[in-house]
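Report on one structure; see the data block that follows.
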Amino acid sequence: MSKDTSAHDCIFCKIAAGDFGTDFVYADEVCVAFDDLNPQAPVHTLIVPREHVVNLNDDPDPNLLGHLFGRAHEVARLKGVADSGYRIIQNNGEDAGQTVMHLHVHVIGGSQLGEGLV
Ligand code: AMP
Ligand code: ZN
């Protein structure tokens with residue numbers, strides 16, 4: 001685990017543990033998905049591992065990464081955007097704009113998104 005954060009007071013660890021009674025779009029033994037507090041598009045859902053991992057610099061288990069990305073289709077389907085299209089974003093560190101230091105995958109869709117990557 002990276003040294004700059006801990007699971008102790010991590011908001012996403014608490015959400016994943018059900019501490020706030022968050023409505024999960026999807027949940028299984030490895031991850032939960034819930035809508036972003038500050039949505040950037042009509043659909044903006046986060047897929048979050050139950051395990052505290054900061055970002056890719058933690059060299060997460062490839063099976064975990066595969067699981068998170070593998071569930072994106074199901075989350076998009078549940079949110080009704082699988083066929084219309086959706087974008088996956090995953091930020092690592094300051095320059096990328098990572099604000100929550102617990103690995104997460106954004107699933108964004110529901111409108112025509114910009115063509116640019118940044
Ligand atoms: P990132 O910039 O990739 O770290 O994304 C963090 C995302 O988490 C942002 O889009 C925030 O709006 C979102 N967020 C922060 N706190 C919460 C929360 N308590 N519930 C849902 N989404 C949150
Ligand atoms: Zn955490």
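For His67, project a label point 7 Å along Cα to C-beta. Then give me every residue of segment 82-104 with its amide nitrogen under 18 Å of that point.
102-104
I'd like the accessible area for Phe20: 1.4 Å probe, protein heavy atoms, all chains in place, Å² to the nearest 10.
For Phe20, the solvent-accessible surface is approximately 120 Å².
Please give, to one decimal in nm, the separation of the simple spin-label points placed at Leu113 and Ala96, each 7 Å out from Cα toward the Cβ.
1.5
Unpartnered cysteines of the chain (Cβ-Cβ under 4.7 Å counts as a partner)?
Unpaired cysteines in the chain: Cys31.
Select from Ala16, Met101, Leu117 the residue farthest towards the positive end of the dipole of the chain; place +1 on Cβ of Lys and Arg, -1 on Cβ of Asp and Glu, and compute about the Cα centre.
Working it through, the farthest residue towards the positive pole turns out to be Leu117.
Send over a whole-number figure in Å² for the accessible area per residue of the chain, probe 1.4 Å.
59
Please compute the contact order of the chain in relative form: average sequence separation of alpha-carbon pairs under 8 Å and at least six residues apart, divided by the residue count, as a percent. Intermediate results must be reported in sequence, preceding the final value.
On the way: 181 pairs, mean separation 34.4, N = 118.
In percent, rounded to a whole number, it is 29.
Sort Cys13, Cys31 by heavy-atom solvent-accessible area, probe 1.4 angstrom, most to least.
Cys13, Cys31
Tell me the relative contact order for segment 59-107 as a rounded percent, counting alpha carbon contacts under 8 Å between residues six or more apart. Can you show the working numbers first?
Values: 29 pairs, mean separation 17.1, N = 49.
Reported relative contact order: 35 percent.
Across segment 35-48, in residue order, what do the Karplus-derived ³J(HN,Hα) couplings come to in whole Hz, using 6.51 cos²θ - 1.76 cosθ + 1.60 with θ = phi - 60° and x for Gly and Pro?
3J(HN,Hα) across segment 35-48, in whole Hz: 6, 5, 5, 10, x, 9, 7, x, 10, 8, 10, 10, 9, 10.
In whole Hz, what ³J(HN,Hα) sequence does segment 96-110 give by Karplus (6.51, -1.76, 1.60; θ = phi - 60°), x for Gly and Pro?
Couplings: 7, x, 5, 10, 10, 8, 9, 2, 7, 10, 7, 10, 10, x, x Hz.
Could you pull the Cα extents of segment 11-109 along its three principal axes, largest to smallest, in whole Å?
For segment 11-109, the Cα extents along the three principal axes come out at 33, 30, 27 Å.
Using the Karplus curve 6.51 cos²θ - 1.76 cosθ + 1.60 with θ = phi - 60°, what ³J(HN,Hα) values do you get for each residue of segment 65-76, in whole Hz, with x for Gly and Pro?
4, x, 5, 4, 5, x, 8, 4, 4, 5, 4, 4
Keeping all protein chains in position, work out how much accessible area Leu113 exposes to a 1.4 Å probe, and write it in Å² to the nearest 10.
40
Please compute the alpha carbon radius of gyration of segment 69-118, then divide it by the globular-protein estimate 2.2 N^0.38 Å. Two decimals is fine.
Details: Rg = 12.0 Å, N = 50, 2.2 N^0.38 = 9.7 Å.
In units of the 2.2 N^0.38 Å rule of thumb, it is 1.23.
The values are calculated or read from the model by the stated rules, or taken from the named source; none is laboratory data. Just so it is clear, the model here is predicted, and its values are computed rather than measured. Here Cβ is always computed from backbone atoms with ideal geometry, including for glycine, and neighbour counts include all displayed protein chains. SASA here: full protein model, heavy atoms, side chains in, ligands and nucleic acids out. Shrake-Rupley method; radii C 1.70, N 1.55, O 1.52, S 1.80 Å.
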